[in-house]
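So the structure is just underneath, and the comments pick up after that.
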Amino acid sequence: NGEVTLRQAHSPAVTRDGVRITVGANASTPAEATAARARGADLISLVRTEFLFLSRDTPPDVDEQEAAYLDLADAFGGERITLRTLDVGGDKPLGYLPMPVEANPFLGVRGLRLGLRRPAILTDQLRAIVRVARQTPVSVMFPMVSTLGELRAARELLDEVVGPRAPVGLRVGIMVEVPAAALKAAVLAPYADFLSIGTNDLTQYTLAAERGNDDVAALGDPFDPAVLQLIRATCDGAAGRAEVAVCGEFAADVRAVPLLVGLGVRELSVTPRSVPDIKQAIRATGLGDSRELAARAREQPCADTVREVLRSRPSSGS
Ligand code: PEP
Ligand code: MG
């Protein structure tokens, strides 16, 4: 029942056969961070820092960003938070950052692409993040990485900001949201401590079906076997090099939990509200069964038959 689920949410989520799966929260405000703590999130695995940059005339300076990130960390009780660098561009323009109009904004200058073109904004943000990382455990995460060159350039900027004395708790990760990044996980992973798969964008780019466009929403289905194969490719490529998380909405679908665990994912990042249910779903999962399930699922011809495979699994209880 709900009360038991909530009480157990403050214990780690371990599969039936003893594999720990980290359950983080996506939280971008102190109120959401407080909710994440109350719901037993192991860490905040995605802070969308865009909220600090939108609807204003000038970018926040380093002091303001430091204060905002510290507020968030405090609201989460000083446990680890994952600050994703600014992920705007094309479809989410900023008044103080004039950008050329693009015919295909989702394929244009967004995420890390924008950060590398406007290094002053990214550098200020990294300065704030590094200051915070000297006070509390912080991970920094770069969005929309497509090539090794981009990741190396981002790490160079970070190294410059860090200087000779790296904060002990600073971890570095990238979002895997572009099929190219999933297929190159083995190349990218040595430059990161973790990879976090953003299934919202990964699905959009894999099926070439724009997020939020109702006319193609049915195509943009994360249960599509092509998306599952890319998640698998990410886990295979990262194995022994970096941990793999999923932070898109797919991670909060209880049906997807055994599938993701079976594909090799070891961290799920969900809205604070979903943390207790996802932890319970993990406890009902066995790694051996999940691997078989995942192998069957990714060989399916379509998303509907993937869902059928998940429904017919002996322990699915439905
Ligand atoms: C994603 O793309 O899955 C993701 C988590 O990032 P956002 O939804 O902010 O694009
Ligand atoms: Mg995204």
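Using a cutoff of 8 angstrom between alpha carbon atoms and counting only pairs six or more residues apart, the relative contact order for region 179-290 works out to 28 percent.
Given R₀ = 25 Å, FRET efficiency for Arg155-Ala186 by Cβ-Cβ distance, to 0.05? With R0 = 25 Å, the Cβ-Cβ based efficiency is 0.90.
Among Asp193, Asp215, Asp277, Asp87, a tally of other beta-carbon atoms within 10 Å of each Cβ gives an order, fewest to most, of Asp215, Asp193, Asp277, Asp87. Qualifying trypsin sites (Lys or Arg not before Pro) in region 129-171, where qualification requires a DSSP coil assignment and no more than 10 other C-beta atoms within 10 Å, comprise Arg165. With Cβ to Cβ distances under 15 Å as the rule, what net charge do the other residues near Glu64 carry (K, R +1; D, E -1)? Surrounding charge for Glu64 is -4. Counting other Cβ atoms within 10 Å as a rough exposure proxy, the listed residues Tyr96, Tyr191 run Tyr96, Tyr191 from fewest neighbours to most. The simple spin-label model puts a point 7 Å past each Cα toward its Cβ; for Ala120 and Ala284 those points are separated by 5.4 nm. Based on Cα contacts under 8 Å between residues 6+ apart, the chain shows a relative contact order of 19 percent.
Lys/Arg Cβ at +1, Asp/Glu Cβ at -1, dipole of the chain taken about the Cα centre: which of Tyr69, Leu114, Ala251 is farthest positive-ward? Farthest towards the positive pole: Ala251.
A Cβ-based charge dipole, computed about the Cα centre of the chain with Lys and Arg at +1 and Asp and Glu at -1, lands at about 840 debye. Ordered by the number of other Cβ atoms lying within 10 Å of each residue's own Cβ, fewest first, Lys279, Lys184 fall into the sequence Lys184, Lys279. Take the Cα of Leu107, step 7 Å toward its Cβ, do the same at Val168, and the gap between the two points is 4.9 nm.
Bear in mind that the values in this text are calculations on the coordinates, not laboratory data. Because the structure is a prediction, the values reported are computed rather than measured. Every residue, glycine as well, gets a Cβ built from its backbone with ideal geometry; the counts of neighbours run over all protein chains shown.
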